[in-house]
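Asker: Supplied in structure tokens, the structure appears directly below.
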Amino acid sequence: MFKRSSIVLAMSVFLSVFPASAQNKKTAFDPQAAFGYLKDLASDAMLGRKSGEPGGIQAAEYIAAKLKSWGLEPAGPNGGFFQDFTFESYEVQRGASLAIVARNRTRGFVYGEDWIPSRYSGSGLLGAEIVFAGYGISAPDKDFDEYAAVDVKDKLVLFSTDTPVRLRDALREEAKLESRIKAARSRGARGVLLFRSDSQPLGNFFRGDLAKEIYDPGFVILSVERKIVDFIFKWQMGDPRYFFRQIEETGKPQSYGLGVQSLINIQADFNEKRPTQNVLAKISGTDPKLKNEIVVVGAHLDHLGVDMTGDILNGADDNASGTAVVMESARVMKLNRFKPKRTILFALWGAEEEGLFGSKHYSENPVFPLDQTVANINLDMVGHGTGKVEASGAYYAPEIYEFLKARLRREILDNMIFTRGGPGGSDHTHFLYNGVPAFYLDTDGPHFKTNRVGDVIAHIKPDIMRNAGLFVLAALEILAGERGVPILPGRREMFHWRYQTIFNHETPPLEKVIKEHQDSLDPDVDFQLAAVSGADGLTGEALRMDLLRKFLDGKDAIARSKGLVLFGNEGASERRRPWKTTVVPGLRGLAAIRDDLRWAEAFSKQGFAFIALDEPGVLFSGGGLSEEGKKILEALEKTNLLLIADGLDAAQSVALLENVKKPVFLRTAALPGDAVLDLAKKTGSTIGLVLGKEQAAASYAADVRAASRRIGAEYVSIVSERCLWGKAGRERMLGVIAGLLGEKLEPAEMAKLFSASFLRVLRPSSR
């Protein structure tokens, strides 16, 4: 046994040989090591790492084995490295083909380049005649049925997925794509060919989402490119654009048989419960109080497998690069014996390419509580680009962003670009939706080989991966290793407040809006209604001139302001915080037009967007519309002025909705009866449910949910009596958001309630 003095002497000699700088030196992120993992993951042996297939399973096992060998702890729910789940898969078997026969000429078209099936296409081996059906809309009760003059039984229906605003407004439910596909199927068609017509030339694939309810195993749904449409119409008397113009000009369908045959072979497998897994590993926190708080760093491990021609889609950049950086970050942290105060979860997600299913499953079945998750760092495509790493999401997590930025080394900051970002497109999405601050890392510049055969190892730049790795390691050391990282209450609600487009439906004077908010660069409100009011006592021409003068003065002031933009300007309806607030000017009351209804059109052309009806008695007589009311509605229907009606009783609401020919905005303080709700949907109008100052947020959210279930969220709008610029109004609306989340509303449905349902009726150009 050594004596204590001997040990001290030995240590002294050791320290004298190795200087302090060497003793404290940490292992750095090794881009070549990361590149080595990437080469393994993106090799042909991994068969494109498709989730639920042998290549995806092999990739997950490879990653888990590496993490285990480096000493990371398993973090799966069953004590291992895997979190098993099932996802909805759609697979088209090899050999799919499409050919068109016209004038005894047969031309084949290339899968993936000329045509693709929808996710919910069925299977078929068929030869079928093609029938052109314009937009594929069937609304016989509204005098527009594109199937009335053609027989589509056992045939393929060709129609455009695009719909003119006029038809969309008039037909509404029938104009929805799912309704059009169902119309073809109900008439015995074997399938549909979808194409885009809203661009010149005929456009690209329709790639929109369809609802799962549309799936029928024997009904094919194919999206076709321009060259197919051109070939189909090569020997016809006109091309689709001619027929679409005829529909626009006449309001009548232009459907007819083309005398063209299709030859289709498509075998698709739809599996609602395909098994796969996430890979989860951790470094446990050491602080008694903070160890239950979590920092998640992740990337999706999967790619697209093997294409129809047998070529392997290697997915080197997307997303072997992000996976490799996460792996190397884990290795370095273990090698450096980093002892974080908080627990670090390393997550490699499955089935991202199929629809973010792996991270979605985790968000619904978290191993660690999401309300104790400090932040998420998500990496997706960090192996190619200009050299800088883009970190989006800062706007939704300003507290975390500022905390990090103040502590990151200049070397790291110089290679980073911090952007607003938001959910969508990768696995940070479900963390943001649940209120977890998230940074989405990809590299600046084009990722031109994404989801293509050319995304191979040769295009990867290890130095770019190094830049991403340096940020990850530094961010983890800060977020997991330091005290004071904020986990704020109400994070989930605050995210949705920041994420949604917020309308303030109060109508203060235009000059007041300008004075109070012209310099606001980070407002609480995206759209602000504003009334242009005339001076007291003015009537007739004097009133109108006063209104126009104030509007033009306000327009100039808005143009000079830092924080405002006028509704109707280019891009105004798309502007979102933290840039500017869009001011929507209008008239309060009918005084300016009542004596001369021609002025309704004049105000509309000047840029006024609405008339707020605060004297309902003007329009009604004896429970129905008065003769004057009918003339006023007729005048407004020739303009872009939206009628905002407030304070109507049930009978007046029914009378108004039964007589309008264009949508109106009907504000009501109580949940209307079914008759009013159904008429609102029938006319394309929007019901603005007003959150009263005394109404509980939970009760209000339930009313909103009830109305949206009855007629759809696109016909219901959230309206607050309290000004949303102020703290009290914001806190009140955060309570409403909490209630809506409790009602299980999805972000897309909430977006309709907060803005889209109002924008839809506000101005045709905004739809």
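The values are calculated or read from the model by the stated rules, or taken from the named source; none is laboratory data. None of the values given here were measured: they were computed from a predicted structure. Quick reminder, even Gly has a Cβ in these numbers, built from the backbone with ideal geometry, and neighbours come from all protein chains shown.
Asker: Among the listed residues ALA751, ALA707, ALA702, ALA756, which satisfies the condition of being assigned by TED's automatic domain parsing to the domain that holds LEU642 and farther than 25 Å from LEU643 by Cβ?
Answerer: On the way: ALA751 fails: farther than 25 Å from LEU643 by Cβ; ALA707 fails: farther than 25 Å from LEU643 by Cβ; ALA756 fails: farther than 25 Å from LEU643 by Cβ.
Of ALA751, ALA707, ALA702, ALA756, the one residue that is assigned by TED's automatic domain parsing to the domain that holds LEU642 and farther than 25 Å from LEU643 by Cβ is ALA702.
Asker: Inside segment 71-100, can you point out the residues that are touching a residue at least 60 places away in the same chain (Cβ under 8 Å), of a type in the set (S, T, N, Q) and assigned to a loop (DSSP other than H, G, I, E, B)? I'd like the intermediate steps shown before the answer.
Answerer: Within segment 71-100, the first condition is being touching a residue at least 60 places away in the same chain (Cβ under 8 Å), and the residues that meet it are 71-77, 81-100.
Checking the rest, the ones that are also of a type in the set (S, T, N, Q) come to 83, 86, 89, 93, 97.
If the condition is that a residue be touching a residue at least 60 places away in the same chain (Cβ under 8 Å), of a type in the set (S, T, N, Q) and assigned to a loop (DSSP other than H, G, I, E, B), then GLN93 is the only one that fits.
Asker: Please tell me if GLY425 is surrounded by fewer than 18 Cβ atoms within 10 Å (Cβ to Cβ), touching a Leu at 6+ places or on another chain (Cβ under 9 Å), assigned by TED's automatic domain parsing to the domain that holds LEU470 and assigned to a loop (DSSP other than H, G, I, E, B). Walk me through it before giving the result.
Answerer: Numbers: surrounded by fewer than 18 Cβ atoms within 10 Å (Cβ to Cβ): yes; touching a Leu at 6+ places or on another chain (Cβ under 9 Å): yes; assigned by TED's automatic domain parsing to the domain that holds LEU470: yes; assigned to a loop (DSSP other than H, G, I, E, B): yes.
Taking the combined requirement at face value, the residue satisfies it.
Asker: Here is a follow-up. For residues in segment 205-227 being over 24 Å from the mean Cα position of the chain (by Cα) and of a type outside the set (Asp, Glu), which is nearest to THR161 (Cα to Cα)?
Answerer: Of everything passing the filter in segment 205-227, VAL224 is nearest to THR161 (Cα to Cα).
Asker: Follow-up question, since we're still on this one. Go through segment 148-169 and report how many residues are more than 30 Å from LYS638 (Cα to Cα) and either in contact with an Asp or Glu (Cβ under 8 Å, 6 or more places away or on another chain) or in a loop (DSSP other than H, G, I, E, B) (or both). It would help to see each step written out before you state the result.
Answerer: First, the residues of segment 148-169 that are more than 30 Å from LYS638 (Cα to Cα): 148-159.
Still in the list and also either in contact with an Asp or Glu (Cβ under 8 Å, 6 or more places away or on another chain) or in a loop (DSSP other than H, G, I, E, B) (or both): 148-156, 159.
Final tally of qualifying residues: 10.
Asker: Next question. Select from segment 212-223 the residues that are within 20 Å of GLY127 (Cα to Cα) and either hydrophobic (A, V, I, L, M, F, W, C) or assigned to a strand (DSSP E or B) (or both) and list them in ascending order.
Answerer: In the first step, residues of segment 212-223 are kept if they are within 20 Å of GLY127 (Cα to Cα); the result is 216-223.
Answer for segment 212-223, where residues must be within 20 Å of GLY127 (Cα to Cα) and either hydrophobic (A, V, I, L, M, F, W, C) or assigned to a strand (DSSP E or B) (or both): PHE219, VAL220, ILE221, LEU222, SER223.
Asker: For GLU721, only one of the following conditions fails: (1) at positive phi; (2) modelled with pLDDT under 90. What is its number?
Answerer: Unmet condition: (1).
Asker: Please state which of the following conditions VAL367 fails to meet, knowing it meets all the rest: (1) touching a Pro at 6+ places or on another chain (Cβ under 9 Å); (2) part of a helix (DSSP H, G or I).
Answerer: The single condition VAL367 does not satisfy is (2).
Asker: Might you check whether a residue that is assigned by TED's automatic domain parsing to the domain that holds HIS361, touching a residue at least 60 places away in the same chain (Cβ under 8 Å) and assigned to a loop (DSSP other than H, G, I, E, B) occurs anywhere in segment 461-475?
Answerer: Filtering segment 461-475 for residues assigned by TED's automatic domain parsing to the domain that holds HIS361 gives 461-475.
If we keep only those that are touching a residue at least 60 places away in the same chain (Cβ under 8 Å) as well, we get 461-475.
Okay, now just the ones that are also assigned to a loop (DSSP other than H, G, I, E, B), so 461.
So far as segment 461-475 goes, yes, one or more of its residues are assigned by TED's automatic domain parsing to the domain that holds HIS361, touching a residue at least 60 places away in the same chain (Cβ under 8 Å) and assigned to a loop (DSSP other than H, G, I, E, B).
Asker: Among the listed residues PHE551, PHE567, which satisfies the condition of being among the aromatic types (Phe, Trp, Tyr), at pLDDT 95 or above and within 22 Å of GLU506 (Cα to Cα)?
Answerer: Working: PHE567 fails: at pLDDT 95 or above.
Answer to the check: PHE551.
Asker: Still on this structure, please answer the following. Restricting to segment 375-404, and then to whatever is touching a strand residue (DSSP E or B) at 6+ places or on another chain (Cβ under 9 Å) and without any contact (Cβ under 8 Å) to a residue 60 or more places away in the chain, can you tell me which residue is surrounded by the fewest Cβ atoms within 10 Å (Cβ to Cβ)? Explain how you work it out, then say what you get.
Answerer: Restricting attention to segment 375-404, the residues satisfying the condition of being touching a strand residue (DSSP E or B) at 6+ places or on another chain (Cβ under 9 Å) are 375-397, 400-401, 404.
Filter once more, so that each one left must be without any contact (Cβ under 8 Å) to a residue 60 or more places away in the chain: 386, 390, 392-394, 397, 401.
On the way: THR386: 13, GLU390: 20, SER392: 21, GLY393: 26, ALA394: 18, ALA397: 26, TYR401: 18.
By that ranking, first place goes to THR386.
Asker: OK, next. Here are some conditions: (1) in the same structural domain as SER363 (by TED's automatic domain parsing); (2) touching a helix residue (DSSP H, G or I) at 6+ places or on another chain (Cβ under 6 Å). GLN500 meets all but one. Which one does it not meet?
Answerer: So the condition that GLN500 fails would be (1).
Asker: Within segment 123-134, does at least one residue satisfy the condition of being surrounded by fewer than 15 Cβ atoms within 10 Å (Cβ to Cβ) and hydrophobic (A, V, I, L, M, F, W, C)?
Answerer: Among the residues of segment 123-134, at least one is surrounded by fewer than 15 Cβ atoms within 10 Å (Cβ to Cβ) and hydrophobic (A, V, I, L, M, F, W, C), which makes the answer yes.
Asker: Then there is this: What is the number of the single condition among (1) under 30 Å from ALA170 (Cβ atoms); (2) of a type outside the set (A, V, I, L, M, F, W, C); (3) in contact (Cβ under 8 Å) with a residue 12 or more places away in the chain that ARG709 does not meet?
Answerer: (3)
Asker: Out of curiosity, is LEU98 modelled with pLDDT of 90 or more, within 16 Å of MET308 (Cβ to Cβ) and buried (at least 20 other Cβ atoms within 10 Å of the Cβ)?
Answerer: Working: modelled with pLDDT of 90 or more: yes; within 16 Å of MET308 (Cβ to Cβ): yes; buried (at least 20 other Cβ atoms within 10 Å of the Cβ): yes.
Yes: the conditions hold for LEU98.
Asker: Taking only pairs six or more apart or across chains, which ones have beta-carbon atoms under 9 Å, a first residue in segment 224-235 that is part of a helix (DSSP H, G or I), and a second residue that is buried (at least 19 other Cβ atoms within 10 Å of the Cβ) and β-branched (Val, Ile, Thr)?
Answerer: ILE228/ILE100; PHE231/ILE100; PHE231/VAL260; ILE232/ILE100; ILE232/ILE130; ILE232/VAL224; ILE232/VAL260
Asker: Now for a different question. For the subset of segment 101-144 comprising residues that are of a type in the set (S, T, N, Q) and assigned to a loop (DSSP other than H, G, I, E, B), which member is nearest to the chain's Cα centre (by Cα)? Break it down stepwise before answering.
Answerer: At the first step, the residues of segment 101-144 found to be of a type in the set (S, T, N, Q) are 104, 106, 118, 121, 123, 138.
Those left that are additionally assigned to a loop (DSSP other than H, G, I, E, B): 104, 118, 121, 123.
Numbers: ASN104: 45, SER118: 19, SER121: 23, SER123: 30 Å.
In this case the residue turns out to be SER118.
Asker: On to the next question. Give me the pairs: first residue in segment 542-560 and in a helix (DSSP H, G or I), second residue polar (S, T, N, Q), beta-carbon distance under 7 Å, and six or more apart or on different chains, which are they?
Answerer: What qualifies is LEU548/GLN606; PHE551/GLN606; ALA557/GLN518.
Asker: May I pose another question? Given the criterion in contact with a Leu (Cβ under 8 Å, 6 or more places away or on another chain), at negative phi and free of Cβ contacts under 8 Å to residues at least 24 places away in the same chain, identify the matching residue among GLU627, GLU658. Break it down stepwise before answering.
Answerer: On the way: GLU627 fails: in contact with a Leu (Cβ under 8 Å, 6 or more places away or on another chain).
Among GLU627, GLU658, only GLU658 is in contact with a Leu (Cβ under 8 Å, 6 or more places away or on another chain), at negative phi and free of Cβ contacts under 8 Å to residues at least 24 places away in the same chain.
Asker: Right, here's the next one. Is there a residue in segment 584-595 that is among the β-branched types (Val, Ile, Thr) and closer than 25 Å to ASP524 by Cβ? Spell out the reasoning first.
Answerer: Our first condition is that a residue be among the β-branched types (Val, Ile, Thr); within segment 584-595, this holds for 584, 593.
In the following step, the residues that additionally are closer than 25 Å to ASP524 by Cβ were identified as 584.
Yes - at least one qualifying residue is present in segment 584-595.
Asker: In segment 22-64, which residue that is free of Cβ contacts under 8 Å to residues at least 40 places away in the same chain and assigned to a loop (DSSP other than H, G, I, E, B) is surrounded by the most Cβ atoms within 10 Å (Cβ to Cβ)?
Answerer: LYS25
Here is a yes/no grid of residues against (1) not small (Gly, Ala, Ser); (2) not assigned by TED's automatic domain parsing to the domain that holds ALA351:
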{"residue": "GLN58", "(1), (2)": "yes, no"}
{"residue": "TRP70", "(1), (2)": "yes, no"}
{"residue": "GLY79", "(1), (2)": "no, no"}
{"residue": "GLY136", "(1), (2)": "no, yes"}
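Asker: Just to be sure, is TYR37 among the hydroxyl-bearing types (Ser, Thr, Tyr) and more than 30 Å from PHE368 (Cβ to Cβ)? Spell out the reasoning first.
Answerer: Working: among the hydroxyl-bearing types (Ser, Thr, Tyr): yes; more than 30 Å from PHE368 (Cβ to Cβ): no.
No, not satisfied.
Asker: Same structure, new question: If the requirement is being within 23 Å of the chain's Cα centre (by Cα), assigned by TED's automatic domain parsing to the domain that holds GLY251 and of a type in the set (D, E, K, R), which of these qualifies: ASP162, ASP239, ASP230?
Answerer: Values: ASP239 fails: within 23 Å of the chain's Cα centre (by Cα); ASP230 fails: within 23 Å of the chain's Cα centre (by Cα).
Going through ASP162, ASP239, ASP230 in turn, just one is within 23 Å of the chain's Cα centre (by Cα), assigned by TED's automatic domain parsing to the domain that holds GLY251 and of a type in the set (D, E, K, R): ASP162.
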